[in-house]
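I have placed the structure first, in the form of structure tokens, so that the comments after it can refer back to it.
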Amino acid sequence: MKYLIAILGLLVVFGLAYIASNGKKQIRYRPLAVMIVLQIILAYALLNTEVGTWLIGGFSTVFKNLLDYAAEGITFVFGGLINIGAEGGSGPFFLTVLMPIVVISALIGILQYIRILPFVIKYIGLVLSKVNGMGKLESYNAVASAILGQSEVFISVKKQIGLLPKHRLYTLCASAMSTVSMSIVGAYMTMIEPKYVVTALVLNLFGGFIIASIVNPYRVTAEEDILEVREEEKQSFFEMLGEYILDGFKVAIVVAAMLIGFVALIALINGIFSAVIGISFQELLGYVFAPFAFVMGVPWKEAIQAGSIMATKMVSNEFVAMLSLSEQTALSARTTGIVSVFLVSFANFSSIGIIAGAVKGLHEKQGNVVARFGLKLLYGASLVSVLSAIITGLFL
């Protein structure tokens with residue numbers, strides 16, 4: 001039965017993407033088929049094989065150790081406020097989940113400084129470009145987005161931003177919204193199971209190209225297929241380290257501010273809806289998103305709860321939704337896994353502003369272009385999350 005539902009889900013996703021396509025006759029189906037098969041193989045390998053278990057275990061162990069090391073600095077500064085090392089990571093959310101972002105950001109800066117990350121990003125991107133049928137720039141951008149983040153990535157391709165036509169700019173922005181920054185992966189792993197975080201990271205990388213190839217199909221000519229990565233300005237090691245530490249702290253503060261605002265506003269709106277119509281806003285959205293949860297593989301009896309969490313992510317952000325998911329103790333392991341994979345992306349309304357603002361800061365005209373196709377950007381990125389969740393559901 002789950003395979004029939006998965007087929008239905010794929011038809012729904014591809015149908016919705018096809019409806020929104022701006023070049024139906026230009027869609028190339030061979031690269032699409034190859035990437036879907038790769039998604040299925042990778043999902044199976046990660047979730048159902050010993051090698052996958054070992055890889056995910058190694059990945060999660062690395063981040064667990066990083067969080068433990070981060071706890072040393074956090075405990076030194078905040079003293080007796082928390083005991084991060086305790087079982088279950090007791091303590092305020094800001095300190096136990098968000099503050100480690102500072103340390104992980106610093107490590108990313110070091111890897112950038114010693115030229116390891118640029119090398120990895122560039123050559124993985126080149127390999128991907130052979131698979132997805134798109135340009136080197138698009139492939140580089142997708143890998144870089146998954147490591148550097150949805151706003152920082154555009155700085156590295158600043159030279160080409162102003163020269164890109166609308167269709168290529170859409171693909172770059174869609175990749176940025178469909179992935180997540182490596183600096184906050186550790187935070188996710190404290191809220192949902194690491195295996196679902198890793199699975200989502202891998203599937204979304206290909207899913208972004210799959211959906212973009214349908215919604216926004218085009219061919220890149222040999223003359224256009226150029227990648228010009230902006231070199232980092234020469235800095236001393238400690239100057240660079242200080243910048244990345246402060247950047248990590250800014251991210252933690254921004255996420256904390258967004259959480260305070262969104263959690264409070266959702267509680268307020270829930271209270272108003274409950275008082276007026278006897279049902280909370282999140283429950284109402286749950287009914288709207290329940291069909292999508294069902295085609296993702298969630299049992300119908302749990303679809304409304306799952307749909308509510310999915311909607312929360314879209315109207316607020318993934319952190320708020322992950323908090324809601326952690327409070328749902330009645331959901332089955334299968335539903336929790338499927339929804340967890342759906343949540344690991346930046347596909348929400350606030351990301352439209354973040355991405356448009358990042359591009360506008362580099363090139364005002366192109367930033368306005370991004371703002372105009374913002375809703376279509378969110379539409380495509382949300383389909384990427386649904387697609388990844390469907391593929392995951394095949395192996396749970």
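Laboratory data are not the source of any read-out in this text; all were calculated from the coordinates shown. Keep in mind the model is a prediction, meaning the values are calculated, not measured. Methodologically, a virtual Cβ is constructed for each residue, glycine included, from the backbone with ideal geometry; neighbour enumeration extends over all protein chains shown.
The table below lists the values:
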{"item": "Proximal lysines to LYS195, defined as alpha-carbon separation beneath 23 angstrom and excluding residues fewer than eight positions away on the same chain", "result": "LYS2, LYS64, LYS313"}
{"item": "Label-point separation, ARG372 to LEU246 (7 Å along Cα→Cβ), nm", "result": "3.6 nm"}
{"item": "Residue-span extension gain [ASN65 to ARG30] - 0.36 nm each, minus C-alpha spacing", "result": "8.4 nm"}
{"item": "Lysines with Cα under 28 Å of LYS365, excluding same-chain neighbours fewer than 8 positions away", "result": "LYS24, LYS122, LYS136, LYS158, LYS159, LYS166, LYS250, LYS376"}
{"item": "Approximate spin-label separation GLU72-SER332, in nm, with each point projected 7 Å along Cα-to-Cβ", "result": "4.5 nm"}
{"item": "Selection from GLN112, ALA176, ALA70 lying farthest towards where the dipole of segment 1-394 points positive, charges on Cβ", "result": "ALA176"}
{"item": "For semi-axes √(5λ) of the Cα gyration tensor in Å, calculated from these coordinates, the label among [x] 37, 22, 21; [y] 29, 28, 21; [z] 32, 29, 19", "result": "[y]"}
{"item": "Computed label-point distance, nm, for sites ARG115 and TYR18 using a 7 Å Cα→Cβ extension", "result": "4.8 nm"}
{"item": "Gyration tensor verdict on segment 308-361 (Cα atoms; rounded if a/c is under 1.5, prolate if a/b is larger than b/c, oblate otherwise)", "result": "prolate"}
{"item": "For segment 94-106, Karplus couplings with θ = phi - 60° (6.51, -1.76, 1.60), whole Hz, Gly/Pro x", "result": "4, 7, 7, 10, 8, 5, x, 4, 4, 5, 5, 4, 4"}
{"item": "Mean Cβ neighbour count within 10 Å, used as a protection proxy, ranking 24-35, 345-356, 127-138 highest first", "result": "345-356, 127-138, 24-35"}
{"item": "Charge dipole (debye, nearest 20) of segment 1-394; +1 at Cβ of Lys and Arg, -1 at Cβ of Asp and Glu", "result": "1380 debye"}
{"item": "Ranked packing of 9-16, 296-303, most packed first, by mean Cβ within 10 Å", "result": "296-303, 9-16"}
{"item": "Listed peptides 311-324, 174-187, 259-272 by packing density, highest first (mean Cβ within 10 Å)", "result": "174-187, 311-324, 259-272"}
{"item": "For VAL157, residues with placed amide H under 5 Å, excluding near neighbours", "result": "ARG230"}
